[in-house]
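**Student:** This is the structure I have questions about; it appears just below.
The values are calculated or read from the model by the stated rules, or taken from the named source; none is laboratory data. These figures come from a predicted structure and were not determined experimentally. Methodologically, a virtual Cβ is constructed for each residue, glycine included, from the backbone with ideal geometry; neighbour enumeration extends over all protein chains shown.
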């Protein structure tokens, strides 16, 4: 009898661990507020809704408010150029998130200078790991995004517990030798 109970418990633990390492796409509940810090800079993102595979977010940083569209919860865009880049990525094949899932896309966008640019972008679900940020410790999928011919990476740590990234690392567009790291400092659930 003890052996049967132990086997049942072990099967449950193993099944739970396996299912914890996949995640379906969803956006956080509207009204949920995420606060991030990157050095002295603070960013407050408030989820305003969902449009298909896009999480709609109002973001405030340095007194400036922007409407963000976060495609598949990973790649955000603010302007028309960003929207064509993010919209050109086929991220559906990454979901449900699972270590090893990969997608490579050629994306053509019109830059701020009015010229057309084509890039090959690869995103890979590289790991399922614990990540500690000021808001706590979370089990998260590390999703790495890299442009062909570049060593720079955008890295997203997306946690199923919040249906949102708790940490992001990306090159500073003003100085590509520097990396910006945004870490979640607090979460305020949507008002009921």
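**Student:** Is there a residue being modelled with pLDDT under 90 and outside any helix (DSSP H, G or I) anywhere in the stretch 1-8?
**Tutor:** yes
**Student:** Let me ask something else. Any idea which residue in the stretch 153-179 is modelled with the lowest pLDDT, counting only those that are exposed (fewer than 15 other Cβ atoms within 10 Å of the Cβ) and assigned to a loop (DSSP other than H, G, I, E, B)?
**Tutor:** 173
**Student:** Same structure, new question: Determine whether the stretch 78-101 contains at least one residue that is in contact (Cβ under 8 Å) with a residue 12 or more places away in the chain and touching a helix residue (DSSP H, G or I) at 6+ places or on another chain (Cβ under 6 Å).
**Tutor:** Looking for residues that are in contact (Cβ under 8 Å) with a residue 12 or more places away in the chain and touching a helix residue (DSSP H, G or I) at 6+ places or on another chain (Cβ under 6 Å), one finds at least one in the stretch 78-101, hence yes.
**Student:** Quick one: is residue 143 touching a strand residue (DSSP E or B) at 6+ places or on another chain (Cβ under 7 Å) and free of Cβ contacts under 8 Å to residues at least 60 places away in the same chain?
**Tutor:** When the stated conditions are applied, residue 143 does not pass them.
**Student:** Using the structure shown, decide if residue 100 is modelled with pLDDT under 90, more than 12 Å from the chain's Cα centre (by Cα) and either loosely packed, with under 14 Cβ neighbours inside 10 Å or under 22 Å from residue 48 (Cβ atoms) (or both).
**Tutor:** So residue 100 does not fit the description; no.
**Student:** Read through the list (1) out of contact with any helix residue (DSSP H, G or I) (no Cβ under 7 Å at 6 or more places or on another chain); (2) under 22 Å from residue 97 (Cα atoms); (3) surrounded by 13 or more Cβ atoms within 10 Å (Cβ to Cβ), then give the number of the only condition that residue 123 fails.
**Tutor:** (1)
**Student:** I'd like to check something: does the stretch 112-135 contain any residue that is over 14 Å from the mean Cα position of the chain (by Cα), within 22 Å of residue 166 (Cα to Cα) and outside any strand (DSSP E or B)?
**Tutor:** Yes, because at least one residue in the stretch 112-135 is over 14 Å from the mean Cα position of the chain (by Cα), within 22 Å of residue 166 (Cα to Cα) and outside any strand (DSSP E or B).
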